[in-house]
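Student: Please find one structure pasted underneath; my questions will follow.
The values are calculated or read from the model by the stated rules, or taken from the named source; none is laboratory data. Remember, it's a predicted structure, so these values are computed and weren't measured experimentally. Glycine also receives a Cβ, built like all others from the backbone with ideal geometry; neighbour counts cover every protein chain displayed.
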Amino acid sequence: MKISEADVEYVAKLAMLQVADDEKRELAEQLSRIVEYVEQLNKLDVSRIEPTAQVVTSVKHAIRDDRVAARTGSSDAGRTVKLFKVPKVITDR
Amino acid sequence: MNLKNITAEKLVSLYSNRGFTVTEVVTSTYQEIERIDKDIRAFITLCPLRALEEARRMDEQMASGEQVGPLAGVPVAIKDNIAIRDIQTTCGSRILEGYVPPYTATAVERLRRAGAIVIGKTNLDEFAMGSSTENSAFFVTRNPHDLDRVPGGSSGGSAASVASGTSVLALGSDTGGSVRTPASFCGVVGVKPTYGRVSRYGLVAFASSLDQIGTLSKSVRESAQMLEVICGFDHFDSTSADHAVDEFVKNLDRPIKGVRIGVPKEYFIGGIDPEVKSKIESGIHLYEGLGCDIQEISLPHTEYAIAAYYVIATAEASSNLARYDGVRYGIRKAGNSALQEMYRETRHSGFGKEVQRRILLGTYALSAGYYDAYYLKALKVRTLILRDFQQAFERVDIILTPTSPTVAFKIGEKTADPLSMYLSDLCTITCNLAGLPGISVPCGRNSQGLPIGLQLMANHFQESLMLRVAHQFEKAGGFSL
């Protein structure tokens, strides 16, 4: 499938990236080539195959007892500060 | 002192015979870096004050006859996507500018407990995305065997440092071959353990279901020693494997007669350099001579591995890299504009081209309407690739392939065409998709003197056998075939 400049723009928006106008065409071409390469997967019939998201090895139950463990966090965690300056989160758009 | 011809065991024995002090070795390592690393550029950050302080303490311990660890006083280099408290971690990216982690990765912590001394942090492709270390936001690392060529990637700095003698051992990370390819290109040993073997705590995530920390060294024995130290369960990593760590070093010299080695025909077709092919064939003959049972096998879905990998890896990356938004880490652009604009501008100016390309590709593969066609399909193909290996390991113990179809390529040769760079990962990515352990060992050089790598893969948690088979290859002269 060909990826158009409009697709690039749309996906960039989803990914919170900005793409300059002069980069759109090159990106659309590069991504099209990669996606066309990926489409060889369509030659395989995988309708009855289960997906593998993770090759599970011998993983211990990831939930531990609710006990206080050695802390590894930032030493800044308890720092006293009065104010944080943050970007504007409410806009009219 | 150049460390090119000194192994970790040799160094440890020199210390115990009072041949050198740790302080002398660490000091001269930095002098050597000063002398040669301006051409190779393996390091992003050096930490001499800290290393010399640790060296001094180690010398005191040794002088007072205190028990020291198996890597006592050994200079190590750490890939700069592995966190060390109070030393900046860049991941080769502008977006992490100024980020200093408040904690240390488990693998580094364990190396330190074994006495190793961290010399510095090494260059990499930005967020480990690349096969040549050309995607670093800072500079290109050069191959010590030919400065016009790449060291391989993404752990190119770590491999180039070990190969040029500016560290004895190094840690890298391997998501699709990022330890094994640079090992092959730089003529050193590189191991990617079974998924979950080494804690990923402190390793900056690229593709979480594929990432694994690995080792680089000049000999198999040194990697075995390092792995004994860094492998094992860690409650800070929820995917850490709770599996006993064998005595890798002790087992190295056990005979390998009768070990069944499979050679998959799919790894020898199209695009493989004839000189690489011929050296790998010599390696196979060497194993025959050692009494191994060589069998031709088939891993029929190999041709789909790159396609599946680049969907899965980019999809996971697009999600993992969402955290770099100018709020939590590193740089922030347009701090006074609205939030979404700030996110976009920060990410646009902080990420390099390849990283942005992969985020776009991964986001596309996960987006509504394409999820089933790309991402889910790739996960199903991953199942087929895993099954290929499961079936093969019913017949053989080890699988032998080239590490890379070519020797180190010229700087700039593949940067214009991302797909051609992806295709160079052909031989290494199946290992990550299937979660298997893999090792690259030197297997002679081509007519221009450039190193060639031979790859061995084993079933899950069979590192001990894999290291033994690799060690016997080294002992039989395989490294200089």
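Student: Which members of the stretch B:101-124 meet the condition of being within 19 Å of the chain's Cα centre (by Cα), part of a loop (DSSP other than H, G, I, E, B) and under 20 Å from B:E222 (Cα atoms)?
Tutor: Of everything in the stretch B:101-124, just one residue is within 19 Å of the chain's Cα centre (by Cα), part of a loop (DSSP other than H, G, I, E, B) and under 20 Å from B:E222 (Cα atoms), namely B:A116.
Student: Give the stretch B:52-71 a look and list any residue that's in contact (Cβ under 8 Å) with a residue 24 or more places away in the chain and over 29 Å from B:T175 (Cα atoms), or say none.
Tutor: Once the filter is applied, which keeps residues that are in contact (Cβ under 8 Å) with a residue 24 or more places away in the chain and over 29 Å from B:T175 (Cα atoms), the stretch B:52-71 yields B:L52, B:E54, B:A55, B:R56, B:M58, B:D59, B:M62, B:V68, B:G69.
Student: Scanning the stretch B:278-311 for residues that are in a helix (DSSP H, G or I) and either at positive phi or of a type in the set (S, T, N, Q) (or both), which turns out nearest to the other protein chains (Cβ to nearest Cβ)?
Tutor: Only one residue fits best here, namely B:T302.
Student: Another question, then. Filter the stretch B:1-39 for residues that are hydrophobic (A, V, I, L, M, F, W, C), in contact with a strand residue (DSSP E or B) (Cβ under 8 Å, 6 or more places away or on another chain) and either assigned by TED's automatic domain parsing to the domain that holds B:L71 or outside any loop (DSSP other than H, G, I, E, B) (or both) and give the result.
Tutor: B:A8, B:V22, B:V25, B:V26, B:I33 - these are the residues of the stretch B:1-39 that are hydrophobic (A, V, I, L, M, F, W, C), in contact with a strand residue (DSSP E or B) (Cβ under 8 Å, 6 or more places away or on another chain) and either assigned by TED's automatic domain parsing to the domain that holds B:L71 or outside any loop (DSSP other than H, G, I, E, B) (or both).
Student: Looking at the stretch B:286-301, can you tell me whether even one residue there is within 14 Å of A:V11 (Cβ to Cβ) and either surrounded by 15 or more Cβ atoms within 10 Å (Cβ to Cβ) or touching a Pro at 6+ places or on another chain (Cβ under 6 Å) (or both)?
Tutor: No, the stretch B:286-301 contains no residue that is within 14 Å of A:V11 (Cβ to Cβ) and either surrounded by 15 or more Cβ atoms within 10 Å (Cβ to Cβ) or touching a Pro at 6+ places or on another chain (Cβ under 6 Å) (or both).
Student: Could you say which residue among B:V249, B:V162 is more than 11 Å from the chain's Cα centre (by Cα) and within 24 Å of B:V26 (Cα to Cα)?
Tutor: B:V162 is the lone residue from the list that is more than 11 Å from the chain's Cα centre (by Cα) and within 24 Å of B:V26 (Cα to Cα).
Student: Now for a different question. I need the full set of residues from the stretch B:177-227 which are part of a loop (DSSP other than H, G, I, E, B), within 13 Å of B:G438 (Cβ to Cβ), away from chain A (no Cβ under 14 Å) and not small (G, A, S), in order please.
Tutor: B:V179
Student: Within the bounds of the stretch A:37-45, is there any residue that is more than 21 Å from the chain's Cα centre (by Cα), surrounded by 14 or more Cβ atoms within 10 Å (Cβ to Cβ) and outside any helix (DSSP H, G or I)?
Tutor: For the stretch A:37-45, residues more than 21 Å from the chain's Cα centre (by Cα), surrounded by 14 or more Cβ atoms within 10 Å (Cβ to Cβ) and outside any helix (DSSP H, G or I): present.
Student: Please enumerate the residues belonging to the stretch B:270-285 that are loosely packed, with under 12 Cβ neighbours inside 10 Å and over 16 Å from B:L481 (Cβ atoms).
Tutor: B:G270, B:G271
Student: Would you please list the contacts, defined by Cβ atoms under 8 Å and residues six or more apart or on different chains, that run from a residue in the stretch B:93-112 that is under 28 Å from B:V140 (Cβ atoms) to a residue that is of a type in the set (K, R) and crowded, with 24+ Cβ neighbours inside 10 Å?
Tutor: From residues that are under 28 Å from B:V140 (Cβ atoms), the pairs are B:I95/B:R347.
Student: OK, next. Output the residue which, of all residues in the stretch B:322-346 that are within 9 Å of chain A (Cβ to nearest Cβ) and closer than 30 Å to B:N432 by Cα, is modelled with the lowest pLDDT.
Tutor: B:D325
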